[in-house]
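Down below is the structure, laid out as structure tokens.
The values are calculated or read from the model by the stated rules, or taken from the named source; none is laboratory data. These numbers were taken from a predicted model, which means no experiment stands behind them. Because the Cβ atoms are built from the backbone with ideal geometry, glycine has one as well, and the counts that use them run over all protein chains shown. Surface areas here come from the heavy atoms of the whole protein model, side chains and all, with no ligands, DNA or RNA. Shrake-Rupley method; radii C 1.70, N 1.55, O 1.52, S 1.80 Å.
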Amino acid sequence: MSSEPTQTSVYVHFPWCARKCPYCDFATEPIRANAVPHEGYADAVLRELGARAADLQGRQLKSIFFGGGTPSLWGPNALNRTLQGITSAFELVSDELEVTVECNPSSLTRENAALLREAGVGRLSVGVQSLRDSHLRFLGRLHDSKRAVAALREAIDEMPRVSADLMFGMPGQTLAELGEDIARIADTGVEHVSAYALTIEEKTMFGSLHRAGKLRVAPEEQYADLFEHAEECFADLGWTHYEVSNYSAEGQESRHNLHYWRGGAYVGLGAAAVGCLDHGPGRAERWRNDPNPQRYLEQDTLGAEVEELGPEEIIREALMLGLRTIDGMNLAATEKRAGRDPKIGREREVERALERGNLVQAGDWLRVPQDRWLKLDGIVRDLF
Ligand code: SF4
């Protein structure tokens, strides 16, 4: 009897940006446009893919996500070569393969979008962050609101599916300003938005300014008000708040991210990329590639840090990711992956959360109701 192929996603990290944004703690370095090693980076990623070939046996490719960093700085030919290499490394490819590329308005051109479309990319995720010039300047972005809207329109013209990244919680931002951003984004035809609160991360320029008392930040209540207002605005559009930070029109959810939040297998390629594959019930291996782009380019063997995950780590990850989504975490699927019942060892904590209404169980699904999502981190922490 042949077993079902394991659905697997691929994440490719592109580790450079035109400029480092002052709030960003992603693994990315600034680079001049003429210094990007387009083909060299494609060669390095394909070399890594070749070294991971044995791990890809018996798997079906479900989605590919080019993230970063700013993958729209990568030459379309080099990105295309990488994309073709990945699809041909899998024996089976889903008929509904989803391929997404993250772009910045300052480096997305209509011509590049068309080339990506021809290469098989079907979805662009555009980092507009705001449509208000004062907020974009505060965030240190290279584009203004006019360029952001133009980039969304160009993306919509060339691609079947477009998502926009939006930030909220800039000091002094009003509910009306956020509502206006959402309405203007939806007006371009975009049908998916990832909306993130601005957080001050320690190892960033904003982190240093904040420690020195030189950065104005929004008070906690403002975040909560903005989060709730965003929810109302998207509900008025008829969109679903399907994950804490993600909203979509019907059928426009990110299949790649849903797979990840549901504990699906994923291969991470590129500098700083993370991957995780199961090796039987209760056993998984997570790797983290060398974050230094130069060393990654030069390595000829896998230079990743590897971590073995046992049943408890698998369950905790399933709780952390699954409970972020509207459906929640699937208990039966998690039990199958972890090799044991995820409730064992936390019966009292689960019971208490159910009594308080912080958790709801329906059949095999355990979820946090949407009106408790602002307290999600604490609810999940109590289950650890
Ligand atoms: S463009 Fe995006 S990934 Fe690059 S530094 Fe800015 S926020 Fe970070």
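Which residues, counting only those in the range 109-158, are under 20 Å from the mean Cα position of the chain (by Cα), within 16 Å of the ligand (Cβ to nearest atom) and among the basic types (K, R)?
Within the range 109-158, R141 is the sole residue that qualifies.
So how many residues does the range 29-76 have that are open to solvent by 20 Å² or more (accessible area, probe 1.4 Å) and either outside the structural domain of E102 (by TED's automatic domain parsing) or of a type in the set (S, T, Y) (or both)?
0
When you go through F227, F234 one by one, which is the residue that is in contact (Cβ under 8 Å) with a residue 60 or more places away in the chain and of a type in the set (F, W, Y)?
Unique residue meeting the criteria: F227.
Please verify whether L79 is out of contact with any His (no Cβ under 7 Å at 6 or more places or on another chain), in a helix (DSSP H, G or I), free of Cβ contacts under 8 Å to residues at least 40 places away in the same chain and open to solvent by less than 20 Å² (accessible area, probe 1.4 Å), treating the condition exactly as stated.
No.
Please note which helices (runs of 4 or more DSSP H) are completely contained in the range 110-179 and include at least 3 residues that are among the aliphatic types (A, V, I, L, M), in the same structural domain as S63 (by TED's automatic domain parsing) and crowded, with 16+ Cβ neighbours inside 10 Å.
By residue number, 110-119, 145-158.
Name every residue in the range 204-225 that is assigned to a loop (DSSP other than H, G, I, E, B) and either closer than 11 Å to Y23 by Cβ or hydroxyl-bearing (S, T, Y) (or both), in order of residue number.
Matches in the range 204-225: T204, L215, V217.
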